[in-house]
Amino acid sequence: MSKEINLTSELAITILSKVLDQLQESSNVQKLEEAKDNVGNEMLKMMQYIFPIVMQVEMDVIKDFGFPEGREGIVKFAQLLRTVEREDIEVARVHGLIKAYYLPPVSVNATNETTNDDRVG
């Protein structure tokens with residue numbers, strides 16, 4: 001069995017920051033740009049092509065912090081991260097930067113620039 005990992009806010013930010021650093025390395029930037037050229041803003045295609053790249057980077061990083069390799073580790077990390085995010089806005093903010101890689105931009109503007117879609121939520 002894998003050992004239990006205590007994911008503190010500080011550790012979560014350290015891990016997420018390292019993931020962001022890895023995503024900005026030239027080889028990953030190139031992979032992500034190629035994938036983005038193919039998907040545009042289509043959510044399904046983003047999840048199909050970009051999400052796996054980001055998850056692979058995340059899996060490579062979290063194993064250095066004691067998480068199991070592969071799916072088990074990423075699931076465990078996601079569960080712990082969700083708990084920490086609820087308690088720490090900075091963790092949520094940094095995690096949001098990673099999510100922005102594979103989620104299409106959502107218009108949440110303070111100004112009312114949306115013309116035909118006034119729904120929130």
Hey, among the residues in segment 73-121 that are of a type in the set (A, V, I, L, M, F, W, C) and within 22 Å of residue 33 (Cα to Cα), which one's modelled with the lowest pLDDT? 106
Report, by residue number, each residue of segment 16-48 that is outside any helix (DSSP H, G or I), free of Cβ contacts under 8 Å to residues at least 60 places away in the same chain and on the phi < 0 side of the Ramachandran plot. 24, 25
Cβ-Cβ under 7 Å pairs, at least 6 apart or on other chains, segment 49-70 side touching a residue at least 40 places away in the same chain (Cβ under 8 Å), far side in a loop (DSSP other than H, G, I, E, B): 66/3; 66/5; 67/5; 68/2
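If you take the residues of segment 29-72 that are of a type in the set (Gly, Ala, Ser) and more than 23 Å from residue 13 (Cβ to Cβ), which of them is modelled with the lowest pLDDT?
Quick first cut of segment 29-72, residues of a type in the set (Gly, Ala, Ser) only: 35, 40, 66, 70.
Filter again for more than 23 Å from residue 13 (Cβ to Cβ), leaving 35, 40, 70.
Details: 35: 92, 40: 79, 70: 89.
In this case the residue turns out to be 40.
Scan segment 61-78 and tell me whether some residue there is under 12 Å from residue 16 (Cα atoms) and within 11 Å of the chain's Cα centre (by Cα). Walk me through it before giving the result.
From segment 61-78, those under 12 Å from residue 16 (Cα atoms) are 61-62, 65, 77-78; that's our starting set.
Right, trim to within 11 Å of the chain's Cα centre (by Cα) and you get 78.
Yes: one or more hits.
The values are calculated or read from the model by the stated rules, or taken from the named source; none is laboratory data. This one's a predicted model, so the numbers in the text were calculated from it and none came from an experiment. For neighbour counting, all protein chains shown are included, and Cβ atoms are generated from backbone atoms with ideal geometry for every residue, glycine included.
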